[in-house]
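Below is one structure, written out as structure tokens, with a few remarks after it.
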Amino acid sequence: MRHANDLTFKLITPEDAVELLIFETTEREWFEQHIEARPNSFYTPEGVARHVVECLALNAQRRMSPLLIRHGGTIIGRANLRDMDNGHGKIGYRIAKHACGQGIAQRALERLINDARCVYRLDMLTAIVSLENSASRHLLEKAGFEVAETLPAYSLVGERKLDCVVYEKCIN
């Protein structure tokens, strides 16, 4: 995979649970270097199935849009709009280690912004990123997000408390 062509974004379904568990387990160590760890109970067939059901319940309430990112049919990432309420929503994405640096996060961010504006009619998006995550910070800034707030010792990654930044973007 040399760039972000042949990507698909699709709402998660219960049928994705087995493949999602494999993806999350395979990428667990990579993700946990950058973001807070999920509980161990997530990394089971029941845990992922429960997660999918919870995401879809929030989607039915128009409070979350949980998307899988696929390349050539294989899950390589996730992109979520969440906590959608009163014109505001939060964004998040996670990309497999082998797929980083190929424009996929940028495509995911573009998709989330477009969906937030056109599908969910949101006015404001926020993202929380650790100060150490220069790639995500650069991507958000390139997309027009601005720093709104610093959150000292906000995120526990491994054994370290990381300072984070809240980014905001008005999209109306």
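The values are calculated or read from the model by the stated rules, or taken from the named source; none is laboratory data. If you're wondering where the values come from, they're calculated on a predicted model, not measured in any experiment. Note that each Cβ is placed from the backbone with ideal geometry, even for glycine, and that neighbours are counted across all protein chains shown. Ligands, DNA and RNA are excluded from the accessible area calculation, which covers all protein heavy atoms including side chains. Shrake-Rupley method; radii C 1.70, N 1.55, O 1.52, S 1.80 Å.
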Can you list, bin by bin at 10 Å, the percent of alpha carbon pairs in region 1-63, starting at 0?
19, 41, 35, 5
Taking only protein heavy atoms and a 1.4 Å probe, the highest-to-lowest accessible-area order of 36, 19 is 36, 19
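Calculate the dipole size of the chain relative to its Cα centre from +1 charges on Lys and Arg beta carbons and -1 charges on Asp and Glu beta carbons; express the result in debye to the nearest 20. Please report the intermediate quantities before stating the final value.
Details: 22 positive and 23 negative charges, 77 e Å.
Rounded to the nearest 20 debye, it is 380 debye.
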Looking only at Cα atoms, what is the convex hull volume of the chain per residue, in Å³?
112 Å³
Report in % the part of the accessible area of the chain that belongs to carbon and sulfur, leaving out ligands and nucleic acids; probe 1.4 Å.
51 percent
With springs only between Cα atoms under 10 Å, which of 78, 117, 160 fluctuates most in a Gaussian network model of the chain?
160
Residue 40-residue 141 pseudo-label distance in nm [points 7 Å out on the Cα-to-Cβ vector]:
4.0 nm
Roughly how many nanometres apart are two label points built 7 Å out from the Cα toward the Cβ at residue 120 and residue 25?
3.0 nm
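Taking all protein chains together and a probe of 1.4 Å, list 124, 64 from the most accessible to the least accessible.
Working: 124 55, 64 15 Å².
Result, largest first: 124, 64.
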